[in-house]
Amino acid sequence: MKRIIFFVYNCLLLTSVFLFFHKTNEVFEFNKIVSIYLGSLIIVGLWGMRMVKERKILFRRTILDLPLLFFITTQFISTIFSINVLTSIFGYYSRFNGGLLSTLAYSVLYWGWVGNFGKEETLIFLRNLAVVASLVSIWATFEHFGHSFSCLLINQRFDTSCWIQDTKERVFATFGQPNWLAAWLVFVFPVILSHFDSVKKRRIWIWIVCFLVFLALFYTKSRSGMIGLWGGMIVYLGLLVYAGKKKYLVNVIKLCVFLVVLWILLTGLQTQQSTKRTASAENGAIINITESGNIRKIVWRGAIKVWQHYPIFGSGVETFAYSYWQFRQTEHNTTSEWDFIYNKAHNEYLNFAANSGMVGLVSYLGLIFFSLYQIAKGFKKTNDSYRHINFGLAGGYIGFLVTNFFGFSTSATSFLFFLYPALAFSIQAKNIPKLKDNYKFSWQKKMMIGLIFVLMAIVTKFIFNYWAADYYYAQGNIKLATLLNPLEPIYRAELANQYALDGRANEAIKTMNKAIAMSPRNSKILEMASNMYIDLGEKDEKYYLQALQILDQLETNAPTNAKVVYIKALTKMKLGLTQEAIELLEKTVVMKADYKKARVALGWIYQANGDLAKAKEQYLYVLEHIDPNDQFVKDSLEKMGASL
């Protein structure tokens, strides 16, 4: 049974990295987190069966037990006081990782490892980790050169046509986003370096693996990843100096020099290619893309505002997508991502502060501190032959913490975040002595194992329904998705829209109201509701009034969202409330000066009302500051020219 548990952990290593499915609504994170749920369930079930079989509590106390329990408790309390309890339990829809259930799953994986495995399994797992890193790096590097193994699986074409994103520009392999891949590679790189000691005769393979990982990391073009890599490397090198491992220190320094030279060469080549692309695009339209660092600063200020408003337990686990709108600065409207939904603070520490408050942040930082302490205990206690493994774990862990200052955890990195301290403990600890098994199962044992099996089957059914609902939702079978997972309000809102399109207005309204009641702060659902009522208003104007009520609620939740004010203005126009529509549009362009649709609509109303000077002012602003090629605006100005 121990071997099966070990096999499951290795399967989770594979699924947390490689698993994706293009027929679910969220292709990457959803499938990975479902595998985490299923894997942790199997592990805790088999672990329980093993304890029943061996008539022994297989639980080893570690220094991380109390900090981890405290962390779980703070997440539980934050969930109870959450502005959206369902989101806090399951995680934000489309991200999933970070909810209370995922925290419980990762905690099980930590305790399951320290309770079952010792040095032998840990070393095998770390070698497997290096193999997985090599494979995913090759996968990513091929993407840079226009060949994606993902597309080969999806549409049987060995190119990048299956992705909307330009993977040649920034690779992401099986992770979904470049920064997510980069963070994971940073996590594993120093651990791969630590194999310099244990694989003396095959050191050339370590060089090749490091080269592949570094190449993939470079092609992600992740600045946070590169900063995290060098941060982790500095820690690893410092620990080698501390340990006096001169021989291995020389080998690592040689590799670092090689990687620096490689980085300089690749950067120079990349700059030349960028120059060529810029030159070829000079005659095209100019698109103002806000630098991501500037956007992050705005989001961080908003996260601090959320924290100040919910100082103790936060707005609720994984509720940043809802709470941020309330404190989002108007300055965000000036960025190229002004209408994006920010479901994370893009800083893990501010994310915990906003979602879980001071208590949650302290518990998270405490968990980090004691995880590092547990890893550091191996610097002296571990046999000298394996001490370098702890150095690598420490370097990878700290490198990841650096990347998280600019990003957030995903299922793949969370898996390693909770497992690294377990691996460090198992390297230091003695193997659990195997008890003699009498192989005679009493009826009490059979009943206990049977009960565990039944409970596993029930939870597995729930997990399968959870996954299947998302699959059917992506395939357009919304009713079945809602039946399989009635706790997901997004499905209900989509089902309401479907009813509205079928002319079943009463059912649509009833279903939409239920979705809103389940998630009243969810701006996406409120926007879906307002759009539904506006569509229904085409047949009966009374629904426009209900749309305005929803939009008022949206504006209360997101007072700086210019898009909401704009839609309110259009709805007022449909009701013939022209003056109110003008006031709202004027407010919109103050909130977002380069909002083209709002300025064109405002110009059109001015023109229709005979206020040609004001109409001309709006149209000229569009041509001079937003879009000099807008034909409608040009035609409108030409018509007004004849009238002025």
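Tell me which of these LEU620 doesn't satisfy, since it passes every other one: (1) without any contact (Cβ under 8 Å) to a residue 40 or more places away in the chain; (2) surrounded by 18 or more Cβ atoms within 10 Å (Cβ to Cβ); (3) hydrophobic (A, V, I, L, M, F, W, C).
The number of the failed condition is (2).
So that you can scan it fast, the table gives a plain yes or no per residue for (1) out of contact with any His (no Cβ under 6 Å at 6 or more places or on another chain); (2) of a type in the set (A, V, I, L, M); (3) closer than 29 Å to ARG328 by Cβ; (4) crowded, with 21+ Cβ neighbours inside 10 Å:
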| position | (1), (2), (3), (4) |
| --- | --- |
| GLY576 | yes, no, no, no |
| ILE582 | yes, yes, yes, no |
| ALA601 | yes, yes, yes, yes |
| LYS634 | yes, no, no, no |
| GLU638 | yes, no, no, no |
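I'm trying to understand the selection: among the residues of the range 560-578, which are under 34 Å from the mean Cα position of the chain (by Cα) and either more than 20 Å from ASP611 (Cβ to Cβ) or not assigned by TED's automatic domain parsing to the domain that holds GLY610 (or both)?
The answer is THR560, ASN561, ALA562, LYS563, VAL564, VAL565, ILE567, LYS568.
For (1) at pLDDT below 95; (2) within 40 Å of the chain's Cα centre (by Cα); (3) among the polar types (S, T, N, Q); (4) part of a helix (DSSP H, G or I), each residue gets a yes or a no:
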residue: VAL590; (1), (2), (3), (4): no, yes, no, yes
residue: VAL600; (1), (2), (3), (4): no, yes, no, yes
residue: GLY603; (1), (2), (3), (4): no, no, no, yes
residue: ASP635; (1), (2), (3), (4): yes, no, no, yes
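Can you pull out the residues in the range 323-359 that are among the hydrophobic types (A, V, I, L, M, F, W, C) and assigned to a loop (DSSP other than H, G, I, E, B)?
Matches in the range 323-359: TRP338, PHE340, ILE341, ALA345.
Within the range 28-35, does at least one residue satisfy the condition of being at pLDDT below 95, basic (Lys, Arg) and surrounded by 19 or more Cβ atoms within 10 Å (Cβ to Cβ)?
Step one: list which residues in the range 28-35 are at pLDDT below 95, which gives none.
No, the range 28-35 has no match at all.
For the range 474-520, how many residues meet the condition of being surrounded by fewer than 21 Cβ atoms within 10 Å (Cβ to Cβ), among the small types (Gly, Ala, Ser) and either farther than 25 Å from PHE462 by Cβ or in contact (Cβ under 8 Å) with a residue 12 or more places away in the chain (or both)?
Selection size over the range 474-520: 3.
If the requirement is being surrounded by fewer than 23 Cβ atoms within 10 Å (Cβ to Cβ) and assigned by TED's automatic domain parsing to the domain that holds ASN390, which of these qualifies: PHE117, PHE90, PHE96?
PHE90
Specify the residue that is surrounded by the fewest Cβ atoms within 10 Å (Cβ to Cβ); the eligible residues are those in the range 310-340 that are touching a residue at least 24 places away in the same chain (Cβ under 8 Å), under 16 Å from SER292 (Cβ atoms) and not acidic (Asp, Glu).
SER336
So which residues in the range 30-55 are over 26 Å from the mean Cα position of the chain (by Cα) and more than 15 Å from PHE453 (Cβ to Cβ), if there are any at all?
Selection gives GLU54, ARG55.
For (1) polar (S, T, N, Q); (2) over 18 Å from LEU265 (Cβ atoms); (3) free of Cβ contacts under 8 Å to residues at least 12 places away in the same chain; (4) buried (at least 23 other Cβ atoms within 10 Å of the Cβ), each residue gets a yes or a no:
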{"site": "LEU185", "(1), (2), (3), (4)": "no, yes, no, yes"}
{"site": "PRO190", "(1), (2), (3), (4)": "no, yes, no, yes"}
{"site": "LEU193", "(1), (2), (3), (4)": "no, yes, no, yes"}
{"site": "ARG202", "(1), (2), (3), (4)": "no, yes, yes, no"}
{"site": "TRP205", "(1), (2), (3), (4)": "no, yes, yes, no"}
{"site": "LEU212", "(1), (2), (3), (4)": "no, no, no, no"}
{"site": "ALA216", "(1), (2), (3), (4)": "no, no, no, yes"}
{"site": "ARG223", "(1), (2), (3), (4)": "no, yes, no, no"}
{"site": "GLY228", "(1), (2), (3), (4)": "no, yes, no, yes"}
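The values are calculated or read from the model by the stated rules, or taken from the named source; none is laboratory data. The shown structure was predicted, so the numbers you read here are calculated from the model rather than taken from an experiment. Heads up, the Cβs are rebuilt from the backbone with ideal geometry, glycines too, and the neighbour counts pull from every protein chain shown.
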